[in-house]
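For reference, the structure is listed below as structure tokens.
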Amino acid sequence: EGYMDVISLYKAGVKNVVASLGTALTREQLLLLKRYAEEVVLCYDGDEAGQRAMLKGIEIANALSMQTRILRLPNQMDPDDYIKRQGVEAFYGRVEQAEAPIHYRIHQLSNQYQLNDTQQQIRFIHEAAKIIGELNDPVERQMYIKSISSDMQITPKSLWTEVEKQKSSNREERSSDNRITAIPQRKDNAYEKAQRILIKTMFEDEKKARVILDRIQTDLFAEGVYRKSAEYIRHCLDLGEKFDLSRFAATLDRQEDIQRISALTLEESSLEEEIIEELVVTIQTVGVKNKIASIQSKMQADNDEATLNSLYHELLQSKKELEMLQNNERRGY
């Protein structure tokens, strides 16, 4: 995940190691790795957030038909902790024992259920069948059916029937998904750019995050992943907790959101206060414009004289505020 994981491994002699550095693993990063290696071993932090990130990485790797194995570390350790405590030979031993993604996913799934309970067993079997149904290799599929049916004390035939049912369901879902595969391209306007750079800045610098969120309410960010990011940072600041871009990305479900957050690592860093001020003004300007549009819409829909007078004064005030912001806003942001 981070700098220290790579540095500690490299110092110990593990040279062919890279980190996604503050972001969830992306399709672009895996495509780059694919140019240099036939196989990638994924090793994320052992805590819950790290394991969620691992599952998302597996999903992207599978979509790219990339050969991957999963290295799980004990006791919620991260690679930095493990190499310092156990040494490089133990780490290489873990690499040799790294498991197939499907095995890891089924293991993680089993941890979600109390398998000594019959109803929980049934739910686990249904979910495991979905995972097995994604396998294209019939031999591999048969091996997992045999293993799980033995563990769950059911017949391989009954599990095979459930897998075939889930395969059919998976095909229908993929067919539906393929109708909307393209991610819409958004116009990279001043508002979009300002949000993107400010979110990146806040994730990197807690002091600047406080300054920015003192100036901008979170609801001034566009509804979606940028607003979620601002709300996440605001929540962490209020509770005195550390915030991290990779941990936030691991909570996202939509691939488009993950890609947009991951792309923040390519944005400018270490912005001067003057630049931050200009970006803040850009977002405030959009907020005031939206407020003016809302007031005008209310005025058209209301015939009460007292209400109209109140809205008119509010409109004048908002227009003055807009004029002040526009006078301070530089072109190009």
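The values are calculated or read from the model by the stated rules, or taken from the named source; none is laboratory data. The structure displayed is predicted, hence computed values, not measured ones. Methodologically, a virtual Cβ is constructed for each residue, glycine included, from the backbone with ideal geometry; neighbour enumeration extends over all protein chains shown.
Given the criteria in contact with a Phe, Trp or Tyr (Cβ under 8 Å, 6 or more places away or on another chain) and at pLDDT 60 or above, does LYS193 qualify? Yes, satisfied.
Is there a residue being crowded, with 21+ Cβ neighbours inside 10 Å, in contact (Cβ under 8 Å) with a residue 12 or more places away in the chain and touching a helix residue (DSSP H, G or I) at 6+ places or on another chain (Cβ under 7 Å) anywhere in region 233-243? Checked against the condition, which is being crowded, with 21+ Cβ neighbours inside 10 Å, in contact (Cβ under 8 Å) with a residue 12 or more places away in the chain and touching a helix residue (DSSP H, G or I) at 6+ places or on another chain (Cβ under 7 Å), region 233-243 yields at least one hit. Within the set ALA61, ALA24, the sole residue that is touching a strand residue (DSSP E or B) at 6+ places or on another chain (Cβ under 9 Å) and small (Gly, Ala, Ser) turns out to be ALA61.
Report yes if some residue within region 202-213 is within 17 Å of LEU279 (Cβ to Cβ) and surrounded by fewer than 15 Cβ atoms within 10 Å (Cβ to Cβ); otherwise report no. Checked region 202-213: at least one residue is within 17 Å of LEU279 (Cβ to Cβ) and surrounded by fewer than 15 Cβ atoms within 10 Å (Cβ to Cβ). Among the conditions (1) under 30 Å from LEU55 (Cα atoms); (2) in contact with a helix residue (DSSP H, G or I) (Cβ under 9 Å, 6 or more places away or on another chain); (3) assigned to a helix (DSSP H, G or I), TYR191 misses just one, which is (1). Taken over region 188-201, residues that are over 11 Å from ILE283 (Cβ atoms) and surrounded by fewer than 21 Cβ atoms within 10 Å (Cβ to Cβ) amount to 2.
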